[in-house]
Structures are given as structure tokens and as C-alpha cells.
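Notes to accompany the following structure.
The values are calculated or read from the model by the stated rules, or taken from the named source; none is laboratory data. The model shown is predicted, which means the values in this text are computed figures rather than measured ones. Cβ placement follows ideal geometry from the backbone for every residue including glycine, while neighbour counts extend to all protein chains displayed.
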């Protein structure tokens, strides 16, 4: 038996190591979407700036083909526009890889991957030599946006609380809707049971929605998100099932318990389907 167990253990360990390697670079990565309003009426370059640190040019984010397609005079103007102690991320390099282009599409510039700086500035230079660098801004969630008004010379980011509030409501409200409909489908009268239903859900699902909202905006929606949500949903399903056996009126305790399990399974499935598109929509406006 022991001889048979050793190969099995080795295979299991190998699978764990391989899976760890496979997931090392999966999941959402930092991203910053910069929108330019009232932009220049002439060609312009837009780059991110980060503070100078040792090893800042470990990764060069422009290849030879990119450099050949860019205007050397505008590149020089971009480098000259960077304040002392700051450097251009795409043009000059970063400590970690960064994807992005100096030219946007329709006034939208997207920067992504692990090289997106936490504290950043935006630099814009035009073909005629104009340049502008707003004050430093901070990326407070994994993926976010900033809006630059070139004509007014202003730069702003949406309030962080708005993203958390939208993520929380988009997680909680569908849950309440699905579990409320199932409450009626199981034959429980709404008038007699609405207080118990709302109380239980606002405590359990409200806490879960708050936790998932923070995790989604801070870390993104990826493999680990789903890995953590499964045990959380199972625990809540058992807790709600037990509470409903004591609080719901008009039907048997067994039906109340089964309702709790069914309702949580349905809302968890809906949440798994909705979480990624909802999260992508929220980070596009936050």
C-alpha cells in the first residue's frame, strides 16, 4: 500500500506545482484608461509618467517597429516635458512590463499590465510643441480611469466610493431579486415573510456583497475570486437555511431549509455569470 501511495503523492505534488505555475500570470492585471476630452486638433502623444527609481528601465516598452513609426521631434518634446524626478513609462521604460501606445483611438488611451504605476502623472505633447503635465494622481483600485480636458487643462478621476457602491449594489440587488422570486415560488407569503427574508439577506448577502465588492475592485475578478466565493456561498447557504427554518412562516421547516439552499445556489450561479461583465463595466467608469 505504501509503495502505491508514493507515486500517487508525487503525481499530486507535480500537479500542484504545475497548476501554481499555470496560474502565476493569470487573472486581471492593473490597467489605467485615460480619456481625453476637447483634445488637440493636431497629432499628439500621451504617456504616463512615474517617479524615478533604481532599475526603472528594466523593461523597454517601445520596440524598433514602434520607434520607427513615431515622430522623433515629438518624442524629444515628450522627454523634455517630464518634470525633474519623473520619466515617461512607454517611451523611457519601466521596472515591469507595460502595454500601451503614445497614440490613442478616439481620445482613449489604455495602459495595462503590471508596469502600470500606482502614483502617476500624465504628459501630453502636440506636434506644434505644446505640452502639459497635470499634478500626480493615485490609482486606488486595480483597474481605473482618468479624464483629461485638454482645453481646460484639468485632469480628474472618479471617486473611489462610487465604484465600490456600484459593485456592492450590482452584487446585492440581483441576489435579492432572485431569492425573493424563489420565496414566492416555494409558496411562502410575501407579506408574512418579507421582514425575515430582508433581515436574513441584508445580514448574510449584504456582508458577502461588501466583501466581494472590495475584493473585486482591489484585486480584480479572476481564478482566486471564484475559488474564495464557493466556500463563502456554501457557508451562507447553510446559515440561511437554518435561520429560515425558524423565521419563515406558513410552510414546513423542511421546505424552508430547502428554500434556503436552493435560493443561494440560484443567486450564486447568477452572480458567477454577472460578476465579470459587471466588474468590467464598473472599472471602465471608476
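Just a few scattered comments:
- Residues in region 148-165 that are farther than 26 Å from residue 132 by Cβ and crowded, with 19+ Cβ neighbours inside 10 Å: 163, 164.
- Residue 207 being out of contact with any helix residue (DSSP H, G or I) (no Cβ under 8 Å at 6 or more places or on another chain), surrounded by fewer than 14 Cβ atoms within 10 Å (Cβ to Cβ) and not in a helix (DSSP H, G or I): no
- Boolean, residue 221 is at pLDDT below 90 and either not assigned by TED's automatic domain parsing to the domain that holds residue 167 or not in a helix (DSSP H, G or I) (or both): yes
- Condition met for residue 146 (part of a loop (DSSP other than H, G, I, E, B), assigned by TED's automatic domain parsing to the domain that holds residue 62 and over 30 Å from residue 204 (Cα atoms)): no
- Scope region 75-104; condition closer than 21 Å to residue 35 by Cβ and not in a loop (DSSP other than H, G, I, E, B); matching residues: 78, 81, 88, 89, 90, 91, 99
- Restricting region 243-253 to residues that are part of a helix (DSSP H, G or I) and under 40 Å from the mean Cα position of the chain (by Cα), the residue that is surrounded by the most Cβ atoms within 10 Å (Cβ to Cβ) is 244.
- Residue match in region 135-146 (condition: touching a residue at least 24 places away in the same chain (Cβ under 8 Å) and surrounded by fewer than 16 Cβ atoms within 10 Å (Cβ to Cβ)): no
Yes or no, residue by residue, for (1) outside any helix (DSSP H, G or I); (2) closer than 16 Å to residue 257 by Cα; (3) touching a residue at least 24 places away in the same chain (Cβ under 8 Å):
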| residue | (1), (2), (3) |
| --- | --- |
| 211 | no, no, no |
| 215 | no, no, no |
| 229 | no, no, yes |
| 233 | no, yes, yes |
| 240 | no, yes, yes |
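- Considered as a group, the residues in region 182-203 that are part of a helix (DSSP H, G or I) and closer than 16 Å to residue 261 by Cβ include one that is nearest to the chain's Cα centre (by Cα), and that residue is 201.
- Of the residues 98, 102, 67, 78, the single one that is out of contact with any strand residue (DSSP E or B) (no Cβ under 9 Å at 6 or more places or on another chain) and either surrounded by 12 or more Cβ atoms within 10 Å (Cβ to Cβ) or more than 25 Å from residue 154 (Cα to Cα) (or both) is 67.
- Of the residues making up region 105-115, those that are assigned to a strand (DSSP E or B) and surrounded by fewer than 18 Cβ atoms within 10 Å (Cβ to Cβ) are 105, 108, 110, 112.
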